[in-house]
1. Residues being near ligand 2 (Cβ under 6 Å from one of its atoms) and more than 25 Å from residue 165 (Cα to Cα): count how many of those fall in the range 88-110.
2. Of all residues in the range 85-104, how many are closer than 23 Å to residue 27 by Cα, crowded, with 16+ Cβ neighbours inside 10 Å and either more than 9 Å from ligand 1 (Cβ to nearest atom) or without any contact (Cβ under 8 Å) to a residue 12 or more places away in the chain (or both)?
3. Pick from the range 3-37 the residues that are in a loop (DSSP other than H, G, I, E, B) and within 16 Å of ligand 1 (Cβ to nearest atom): which of them is surrounded by the most Cβ atoms within 10 Å (Cβ to Cβ)?
4. For the range 145-164, indicate whether the set of residues that are within 16 Å of ligand 2 (Cβ to nearest atom) and either outside any loop (DSSP other than H, G, I, E, B) or touching a helix residue (DSSP H, G or I) at 6+ places or on another chain (Cβ under 8 Å) (or both) is non-empty.
5. Restricting attention to helices (runs of 4 or more DSSP H) lying wholly within the range 45-142, give those where 3 or more residues are away from ligand 3 (no atom under 14 Å from the Cβ).
6. Out of (1) without any contact (Cβ under 8 Å) to a residue 40 or more places away in the chain; (2) within 14 Å of ligand 2 (Cβ to nearest atom); (3) outside any helix (DSSP H, G or I), the odd one out for residue 40 is which?
Ligand code: SF4
Ligand code: SF4
Ligand code: SF4
């Protein structure tokens, strides 16, 4: 089992419904977020291309954040989901410093938080909240070891990229291009 997400940059309209859904589903405090929208501009005027992307923790297969954590609070769950045991986190911030994607934040209650791939929903057979609300259906989630999963089918038929591959973290969030 290897959970992954594929996000279609050609279909994302930057509406932020995924951000709002995540904040509601996961009780993310006001002023913080587990996912966010990036507007990347490429080229030079007048030949400009704009890519809208919903970003979050990449649930890296080779996570510097898990290695950096001194207490074991940052860990892998089944299927490679990277998560934080809040009660084992001392809030030292080593994981925040080690993440090349700035995907973690310090929760006001004293622990570090980030996207969990909504494993509380996934373990019940539901899709992550952000995936389930997207009005353009531009996000796909599933098991890369299952060739019939939504995410496997998209990666078989489309071109894709990952963010900052040079960091060597082996991200499990793929962007369809
Ligand atoms: Fe860790 Fe950052 Fe990778 Fe998420 S994106 S697994 S927080 S290194
Ligand atoms: Fe681990 Fe918490 Fe320190 Fe992050 S802030 S490295 S999760 S103890
Ligand atoms: Fe938020 Fe869940 Fe989507 Fe992660 S998978 S960004 S926790 S809604």
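Laboratory data are not the source of any read-out in this text; all were calculated from the coordinates shown. Keep in mind that this is a model prediction, so the values were computed, not measured. Here the Cβ is made from the backbone with ideal geometry for all residues, glycine too, and neighbour counts use every protein chain on show.
1. From the range 88-110, those near ligand 2 (Cβ under 6 Å from one of its atoms) are 89-95; that's our starting set.
The next check asks that each one be more than 25 Å from residue 165 (Cα to Cα); those that pass are 89-92.
Qualifying residue count for the region: 4.
2. From the range 85-104, those closer than 23 Å to residue 27 by Cα are 85-93, 95-96, 99, 101-104; that's our starting set.
Adding the requirement that they be crowded, with 16+ Cβ neighbours inside 10 Å leaves 89, 95-96, 99, 101, 103-104.
So of that shortlist, the ones also either more than 9 Å from ligand 1 (Cβ to nearest atom) or without any contact (Cβ under 8 Å) to a residue 12 or more places away in the chain (or both) come out as 89.
Number of matching residues: 1.
3. So in the range 3-37, the residues in a loop (DSSP other than H, G, I, E, B) come out as 9-16, 26-34.
Checking which are within 16 Å of ligand 1 (Cβ to nearest atom) leaves us with 26, 28, 32-34.
Numbers: 26: 19, 28: 19, 32: 12, 33: 21, 34: 23.
Within the range 3-37, the match that is surrounded by the most Cβ atoms within 10 Å (Cβ to Cβ) is 34.
4. Looking only at the range 145-164, we keep the residues that are within 16 Å of ligand 2 (Cβ to nearest atom), and these are none.
No, there is no match, as no residue in the range 145-164 is within 16 Å of ligand 2 (Cβ to nearest atom) and either outside any loop (DSSP other than H, G, I, E, B) or touching a helix residue (DSSP H, G or I) at 6+ places or on another chain (Cβ under 8 Å) (or both).
5. Working: elements: 64-68, 94-98, 119-122, 129-133.
Where helices (runs of 4 or more DSSP H) fall fully within the range 45-142 and carry at least 3 residues being away from ligand 3 (no atom under 14 Å from the Cβ), they are 64-68, 94-98.
6. Only one criterion in (1) without any contact (Cβ under 8 Å) to a residue 40 or more places away in the chain; (2) within 14 Å of ligand 2 (Cβ to nearest atom); (3) outside any helix (DSSP H, G or I) is unmet by residue 40, namely (2).
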